[in-house]
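Student: First, the structure itself, so that you have it in front of you.
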Amino acid sequence: MGILEGKAVMITGAASGIGRATAEEAAAEGARLLLCDVDDEGGAAVAAAIGGAASYRSCDVTDEAAVEAAVAATISELGRIDGAFNCAGILGVLGNIGELPLDGWKRLIEVDLNGVFLCTKHQVNAMAEQGSGSILNMASAAGLIGWPGASGYVAAKHGVVGLSKAAALEYAPQGVRVNSICPSYTITPMVEKDLFEDALGNDEELIGAARANHPIGRFADPQEIASAAAWLLSDKASFVTGTAMAVDGGYTAP
Ligand SMILES: NC(=O)c1ccc[n+]([C@@H]2O[C@H](COP(=O)([O-])OP(=O)(O)OC[C@H]3O[C@@H](n4cnc5c(N)ncnc54)[C@H](O)[C@@H]3O)[C@@H](O)[C@H]2O)c1
C-alpha cells in the first residue's frame with residue numbers, strides 16, 4: 001500500500017516541475033488527484049500520462065472564484081479533499097530592490113503569496129468541515145533566508161511560511177495540518193529557463209557558484225522534493241504541523 005492510498009489530493013502548478021513530479025509521486029503512492037494549472041495543455045498531458053487516478057482542471061490561483069470552484073470540484077469528483085499541495089508559482093522579476101518595478105513586485109505577491117492564501121483559505125474550510133486534512137504550501141529556501149536580487153520572491157516566500165504557521169495554529173483543533181516546504185535550486189523549467197538562461201545568461205561560473213552553496217554538492221531533482229511533499233501530505237506526517245521543512249541539500253544550514 002502506498003502512503004497516500006485512497007487519498008483525494010488537489011495539486012496546483014501540476015503541469016510542470018515540482019508540481020508535476022509530486023502529482024506522479026502521489027499517484028504512485030495511491031492518491032486520486034485533481035490537478036490544476038494555467039498551462040492547460042501541459043496539465044492535461046500530465047493527467048493523461050498518470051491515467052485514471054488523475055483529472056485536470058484549469059485554475060488560475062490568483063482568481064478566488066476559480067480556486068473555490070477547484071476545491072469544490074475536488075470534493076465532487078473525488079468525494080472529499082484529504083490533501084492539497086499549493087505549488088503554483090513564478091520566479092518573477094529579479095533585481096535589487098532599488099530598481100524593482102512596482103508592477104513586477106505586485107505580480108509576485110499576487111501569484112506566489114496571494115495564490116497560496118486563496119487556496120489555503122478554501123481548502124482549510126473544506127477540511128475543517130471533514131475534521132481532517134493536510135495542506136502543504138510551496139515556499140522556498142528563499143522563505144527562510146534572504147536572497148540578494150530577488151526581494152519580491154523572498155518576501156512572497158517568507159509570507160507563505162508565515163501564513164502556513166498561522167493557519168496551522170488556527171486549524172489544529174479541527175484536525176487540519178498546514179505546513180510549508182522550502183526547496184533550494186531544483187532543476188525545473190523555472191530554474192533552467194527563467195534563472196539560468198534568462199537571468200544568468202547560462203554563465204557557468206555563476207551557476208557553479210550557486211551549486212557550490214549546496215553542501216551536498218549538486219542541485220535537486222524535482223523527484224527529491226516530490227518525495228518530501230508526498231510524505232508531508234500523508235498520515236506518516238501525522239504529528240507534523242506548522243513547520244517549514246527545508247529540502248535543500250544543506251543550503252540553509254550554515
Ligand atoms: N525550482 C526551484 O528551484 C524551486 C525552489 C524553491 C521553490 N520553488 C517553487 O516551486 C514552485 C514550482 O516551481 P517549479 O520550479 O516547479 O516551476 P515550473 O515553472 O516548472 O512550474 C510552475 C507551474 O506553476 C504554474 N503556474 C504559474 N502561475 C500560475 C497561476 N497563476 N495559477 C496556476 N498555475 C500557475 C505554471 O504554469 C507551471 O506549470 C514555485 O512556487 C516555485 O517558486 C521552486
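Student: Could you go through region 188-210 and let me know if any residue there is away from the ligand (no atom under 16 Å from the Cβ), within 20 Å of the chain's Cα centre (by Cα) and charged (D, E, K, R).
Tutor: no
Student: Continuing with this model, one more query. How many residues does region 212-233 hold that are over 16 Å from Glu29 (Cβ atoms), more than 12 Å from the ligand (Cβ to nearest atom) and surrounded by 12 or more Cβ atoms within 10 Å (Cβ to Cβ)?
Tutor: Within region 212-233, the first condition is being over 16 Å from Glu29 (Cβ atoms), and the residues that meet it are 212-221.
Going one step further and asking which of them are more than 12 Å from the ligand (Cβ to nearest atom), we end up with 212-213, 215-218.
Filter once more, so that each one left must be surrounded by 12 or more Cβ atoms within 10 Å (Cβ to Cβ): 213, 216.
The total comes to 2.
Student: Hey, can you tell me all the residues within region 96-147 that are away from the ligand (no atom under 16 Å from the Cβ) and part of a helix (DSSP H, G or I)? Quick ask: steps written out before the conclusion?
Tutor: Taking region 96-147 first, the residues away from the ligand (no atom under 16 Å from the Cβ) are 96-102, 124-134.
Correct list: Ile97, Gly98, Glu99, Leu102, Val124, Asn125, Ala126, Met127, Ala128, Glu129, Gln130.
Student: It is to be established whether one or more residues within region 76-95 are assigned to a helix (DSSP H, G or I), more than 14 Å from the ligand (Cβ to nearest atom) and touching a Leu at 6+ places or on another chain (Cβ under 7 Å).
Tutor: The initial filter retains those residues of region 76-95 that are assigned to a helix (DSSP H, G or I), namely 76-78.
Cutting the leftovers down to more than 14 Å from the ligand (Cβ to nearest atom) gives us 76-78.
Add one more test, that the residue is touching a Leu at 6+ places or on another chain (Cβ under 7 Å), and what stays is 77-78.
Yes, that holds for at least one residue.
Student: Separate question: Please identify the pairs in which a residue from region 130-141 that is at pLDDT below 95 has its Cβ atom under 9 Å from the Cβ atom of a residue that is of a type in the set (Gly, Ala, Ser) and assigned to a strand (DSSP E or B), counting only partners at least 6 apart or on another chain.
Tutor: Qualifying pairs under 9 Å: none.
Student: I'd like the full set of residues that are among the acidic types (Asp, Glu), within 15 Å of the ligand (Cβ to nearest atom) and touching a Gly at 6+ places or on another chain (Cβ under 6 Å), limited to region 1-56. Steps first, please.
Tutor: Applying the first criterion (among the acidic types (Asp, Glu)) to region 1-56 yields 5, 24-25, 29, 37, 39-41.
Add one more test, that the residue is within 15 Å of the ligand (Cβ to nearest atom), and what stays is 24-25, 37, 39-41.
Selection gives Asp37 alone.
Student: Look through region 57-75, keep the residues that are of a type in the set (Val, Ile, Thr) and either outside the structural domain of Ser164 (by TED's automatic domain parsing) or in contact with a His (Cβ under 9 Å, 6 or more places away or on another chain) (or both), and return whichever of them is nearest to the ligand (Cβ to nearest atom). Before you say what the answer is, go through the steps one by one.
Tutor: Here is the first cut: in region 57-75, the residues of a type in the set (Val, Ile, Thr) are 61-62, 67, 71, 74-75.
This time we only want the ones that are either outside the structural domain of Ser164 (by TED's automatic domain parsing) or in contact with a His (Cβ under 9 Å, 6 or more places away or on another chain) (or both), so: 67, 71.
Details: Val67: 9, Val71: 14 Å.
So the residue we want is Val67.
Student: Can you tell me which residue within region 174-202, out of those that are among the polar types (S, T, N, Q) and surrounded by fewer than 18 Cβ atoms within 10 Å (Cβ to Cβ), is nearest to Pro222 (Cα to Cα)?
Tutor: Looking at the filtered set, the residue picked out is Asn202.
Student: Just give me the residues in region 196-236 being of a type outside the set (Phe, Trp, Tyr) and within 16 Å of Met138 (Cβ to Cβ), in sequence order. Steps first, please.
Tutor: Going residue by residue through region 196-236, those that are of a type outside the set (Phe, Trp, Tyr) are 197-218, 220-230, 232-236.
Hits for region 196-236 are Ala220, Pro222, Gln223, Glu224, Ile225, Ala226, Ser227, Ala228, Ala229, Ala230, Leu232, Leu233.
The values are calculated or read from the model by the stated rules, or taken from the named source; none is laboratory data. Only a predicted model underlies this, so the values are computations on that prediction, with no experimental measurement involved. Neighbour counts are summed over all protein chains in view; Cβ atoms, including those assigned to glycine, are modelled from backbone coordinates with ideal geometry.
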